[in-house]
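Chemist: Mind looking over this structure? Questions follow.
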Amino acid sequence: MTPTRRDVLKLAGLAGLGAALPRGLRAAGEIPELTASVARLQLLPESYPQTEIWGYHGTIPGPEIRLGQGARVRRRFVNDLPQGSSVHWHGIRIDNAMDGVAGLTQDPVAPGGSFDYDFVAPDAGTYWYHAHNRSWEQVARGLHGPLIVEEAEAPEVDREEVLVLDDWLLNPETGQIDDSFDHPMMMSHGGRIGNYITTNGRSNLSLPARRHERLRLRLINASNARIFPLRLSGLEGWIVALDGMPLADPTALEDVLVLGPAQRADLIVDVTAEEGGTADLVHVEEDETFSQVAFTVTGTASLSRRAGPAALPPNPKMALPDLAGATPLRLVMSGGAMGRMQSAILDGERKGFRDLAAAGHFWAFNDVAGMTDTPLADLSLGEPVRLEIVNDTVFPHAMHLHGMHFREIGQGDTLGPLRDTILVGGRETRRIAFTADNSGDWLFHCHMLSHAASGMTTWLRVT
Ligand code: C2O
Ligand code: CU
């Protein structure tokens, strides 16, 4: 029954006495809700049944949270799921208590429970939020959404599009999400790779565009394990930010942009296709290409093209880490199918590969599978660190550090752009550096989420 005006007033009065308000009714000044629940929606084309998903406010992706740089995000996370959950604000250099890691920075929020998130977003850029309890299941079921922090001075573009790339592993007969989340095959190989690829929840997203229009595309790879190699067609563009952080100079995107799980890229693109034609964000797969997003070009925005875009304004705290004084750390990744890992330490005991597998662990960091009581490193606030990541497996891994961005150390100790996730190819060694300038306990894990669940998770302590 819809309450009459009088009923609403009565209920509002009761709120002061501690009575629960029905959902949707809120006293003024109360914190807005972010509710995770089970929902059904038309994920597949119309001829298929609806798909049951887990989503924030029942949408795929979750509602966009948008704010100005330096503003506060306040959300009461309400868990209407049948499983405990938490919300992680990926890429935000956040206050540790708000990082949303169940089991490290907070307890999971039980079904029916809630948790108030309240933090400041110091950096402008493209970020995202997602579940961080059983994330290999919960993110795969749809629990993620974009988190956009706007620059005080917006770049000159005609409009912008937030594009959340995802893939789903669906049963082709029922159209339902395949629930073999803990299957050893997914854990021990390339992770949970879907069979249905979407952008903003659509398999064939098509957007209007005009010739010579200038767009900002905010790309977010929200998939569990899929690496998206992307190209432009009928568009000419520049990368202006990676993982939220602005590049010192826009880089022309001439070839392929590889977006690993959890990575983001901000592009500024000009529509160069003719009127009546199409332009595409192209997904390159093996030898095939697919239109990830199609732009139908009608009309003309301007007669000629503009000069290249300016760099985005820098974020605070982008200073280079002090490499010379940096503490050296090393992370050796081992395990997986076709790997050489014979044994590893699990919960303080050495176990053979078989026993590890039986316990759901297929990977190790520095000979240790899964979370430990002690951190990988105990760092003091402000300490510079250089970390060598040795991938002694045949699979690529998308290593993500919470709470701080890092830079890749290149040839001759040059430092790359600030990132929060680095894709390390099979049998590859990469080096990163950062200043441990955010205190707290920070997770460092593979963002191929089934890998994180089966051994590839560790943490750093900054005090
Ligand atoms: Cu995007 Cu530990 O997470
Ligand atoms: Cu991995």
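The values are calculated or read from the model by the stated rules, or taken from the named source; none is laboratory data. Everything quoted here is computed from the prediction, not taken from an experiment. Positions of Cβ are backbone-derived with ideal geometry, glycine not excepted, and every protein chain shown enters the neighbour counts. Each accessible area value is taken on the protein alone, full model and side chains, heavy atoms only, with ligands, DNA and RNA left out. Shrake-Rupley method; radii C 1.70, N 1.55, O 1.52, S 1.80 Å.
Chemist: Applying the selection to the range 253-280, what residues are among the aliphatic types (A, V, I, L, M), more than 16 Å from THR199 (Cα to Cα) and in contact with a His (Cβ under 9 Å, 6 or more places away or on another chain)?
Modeler: VAL271
Chemist: So which residues in the range 126-162 are among the hydroxyl-bearing types (Ser, Thr, Tyr) and closer than 15 Å to SER86 by Cβ, if there are any at all?
Modeler: Residues satisfying the conditions are TYR129, SER135.
Residue by residue, here is whether (1) surrounded by 18 or more Cβ atoms within 10 Å (Cβ to Cβ); (2) not polar (S, T, N, Q) holds:
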position: GLN138; (1), (2): yes, no
position: HIS144; (1), (2): yes, yes
position: GLU150; (1), (2): no, yes
position: GLU156; (1), (2): no, yes
position: TRP168; (1), (2): yes, yes
position: ASN171; (1), (2): no, no
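Yes or no, residue by residue, for (1) at pLDDT below 95; (2) within 26 Å of ALA452 (Cβ to Cβ); (3) open to solvent by less than 30 Å² (accessible area, probe 1.4 Å):
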residue: GLY277; (1), (2), (3): no, no, yes
residue: THR296; (1), (2), (3): no, no, no
residue: ASP322; (1), (2), (3): no, no, no
residue: MET333; (1), (2), (3): no, yes, yes
residue: GLY348; (1), (2), (3): yes, yes, no
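Chemist: Got a number for residues in the range 132-184 being assigned to a strand (DSSP E or B), farther than 20 Å from THR59 by Cβ and β-branched (Val, Ile, Thr)?
Modeler: Of the residues in the range 132-184, 1 are assigned to a strand (DSSP E or B), farther than 20 Å from THR59 by Cβ and β-branched (Val, Ile, Thr).
Chemist: Mind checking which strands (runs of 3 or more DSSP E) fall wholly inside the range 376-463 and carry at least 2 residues that are within 12 Å of ligand 2 (Cβ to nearest atom) and of a type outside the set (Asp, Glu)?
Modeler: So the answer is 383-391, 397-401, 421-424, 440-446.
Chemist: Just the residues that are farther than 25 Å from GLY191 by Cα, open to solvent by less than 30 Å² (accessible area, probe 1.4 Å) and touching a residue at least 60 places away in the same chain (Cβ under 8 Å), please, taken from the range 405-433.
Modeler: Hits for the range 405-433 are ARG407, ILE409, LEU418, ALA433.
Chemist: Against the condition under 30 Å from ILE227 (Cβ atoms) and not assigned by TED's automatic domain parsing to the domain that holds PHE444, how does GLU286 come out, does it pass?
Modeler: yes
Chemist: Also: Search the range 86-105 for residues that are over 21 Å from TRP54 (Cβ atoms) and modelled with pLDDT under 95 and pair each with any residue that is within 16 Å of ligand 2 (Cβ to nearest atom) and open to solvent by 10 Å² or more (accessible area, probe 1.4 Å) when their beta-carbon atoms are under 8 Å apart and the residues are at least 6 apart or on different chains.
Modeler: none
Chemist: Ok, one more. Please work out which one of (1) at pLDDT 95 or above; (2) more than 16 Å from ligand 1 (Cβ to nearest atom); (3) surrounded by fewer than 21 Cβ atoms within 10 Å (Cβ to Cβ) is the condition ALA369 fails and give its number.
Modeler: (3)
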